[in-house]
1. Determine, for each peptide in 64-71, 299-306, the mean count of other beta carbons within 10 angstrom over its residues, then list the peptides with the highest first.
2. Can you give the convex hull volume of the alpha carbon atoms of the chain per residue, in Å³?
3. Using alpha carbon centroids, what distance separates the range 213-231 and the range 353-372, in Å?
4. Take residue 412, project a point 7 Å from its Cα along the Cβ direction, then tell me which residues of the range 64-87 have their backbone nitrogen under 14 Å from it.
5. Suppose R0 equals 35 Å. What FRET efficiency, 1/(1 + (r/R0)^6) with r the Cβ-Cβ distance, do residue 424 and residue 174 give to the nearest 0.05?
6. So what is the 222 nm mean residue ellipticity for the chain from helices alone, if each DSSP H run of at least 4 adds -39500 (n - 2.57) and you divide by all residues, rounding to the nearest 500 deg cm²/dmol?
7. Grab the beta carbon distance between residue 233 and residue 295, set R0 = 25 Å, and tell me the FRET efficiency rounded to 0.05.
8. To the nearest 0.05, what FRET efficiency results for residue 402 and residue 274 with a Förster distance of 45 Å applied to their C-beta separation?
Ligand code: HEM
């Protein structure tokens, strides 16, 4: 027994429940060894240690989780929320939904700098009465690419060189220079917003276009925005270099300590809404995630407020094992035809089955607050059996004997009519961007605002950079 133990502490045990009488020494033949191999306690301790790491996320490996709640306004802008969506979490003023958020950087590894010039991940998991809703966004309003098939190439160019294992700027700019649709995002990443001061002083954006569906089965296109109530703060390259020389985890520390001292950060959720059609009058495709929707034509409509008020108890259980996905939607919130979303929706749960395990949804941090009744069974590390209506024999549906039934048919699908020719390789990225601007019918001045709207500081960023307000552009993304 080690010195300093007191009798009121719980007793150390093995995972089998055996009390551990000596945690300081292996069992040996005589005081100098050799060690014996039947020492179960030693073998369990070391072999578990050997397996402590799971694969880090293929992107967004460095990140930090906090918990909190979302409080609905009951309205979307000046209208009742029910006008646009039947999603229950938005309907009633004051309704609170518990949530977790994971902030992250994108390109660096699990222990990399949190002041890198890089987008920041902004992934929120809302635990609603209808199951989980994940909104997996970033701190910048657009993205580098608009077709999911390009994502592995984008990321390969940003990750370390496969030979030198260094992040090589030439590889990044090589890819970007061949991908004209990336230019809008590039102007953000190399703007003063490219290095957020921390996770609290930044906005969040859903980036991709989604749908909302109301009780009558009518749908609209929607973009999500999280507006920080702390104000936006960013770092110059030289400020970031000073910080990262001493602390790689500065943003996690800032968030953790703010919550510990009761300074709870808040973000207002706003949406932009557009009718669900092709919109030939616009000079951009509303399903194209390399474009913003100009806020003077599609105003931000407040929906509710998110407050973060609780830190994690355990980093691994809550930050490493949490798993978000764009397919995790509740009734009243839907996909759009944005083709990035399809790619993303496949990718997230696919990687999580590999990274965390096939039963990752049984882990406490991923489990919804409502009971799950499924016929999904077994697999590695099954933590329990999903509820089966009291008859363990019936793990199938339909059954005349027992088991689970389908939910009520009152559920009303949104059924847009879609037709088109099956194509690949047409409408390549960049064509509509280069084809010139057309003003919106009711506003001749859009040409400037398409880039200079309230939410887009690109023009101002470039001006600021030119006037020396920003440091030299970083070599690091
Ligand atoms: C087709 C394009 C994309 C693909 C295939 C993709 C794929 C992935 C994958 C595989 C992960 C790791 C997930 C995990 O291990 O749990 C991830 C994480 C993430 N992605 Fe994407 N992604 C794409 C685009 C985007 C875009 C456009 C955004 C922002 C709007 C985004 C935001 C995030 C965030 C925030 C995370 C970290 C989630 C967390 O904190 O656990 N991704 N992505």
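What follows draws every value from the coordinates through simple rules; no lab data is involved. It should be emphasised that the depicted structure is a prediction, and the values quoted were computed from it without experimental measurement. Heads up, the Cβs are rebuilt from the backbone with ideal geometry, glycines too, and the neighbour counts pull from every protein chain shown.
1. 64-71, 299-306
2. Values: hull volume 105.8 nm³, N = 477.
Value for the chain: 222 Å³ per residue.
3. About 26 Å separates the Cα centre of the range 213-231 from the one of the range 353-372.
4. Only 82-87 fall inside the zone, counting backbone N under 14 Å.
5. Given R0 = 35 Å and the Cβ-Cβ separation, E is 0.90.
6. -5500 deg cm²/dmol
7. Calculated value: 0.70.
8. My answer for the efficiency is 0.45.
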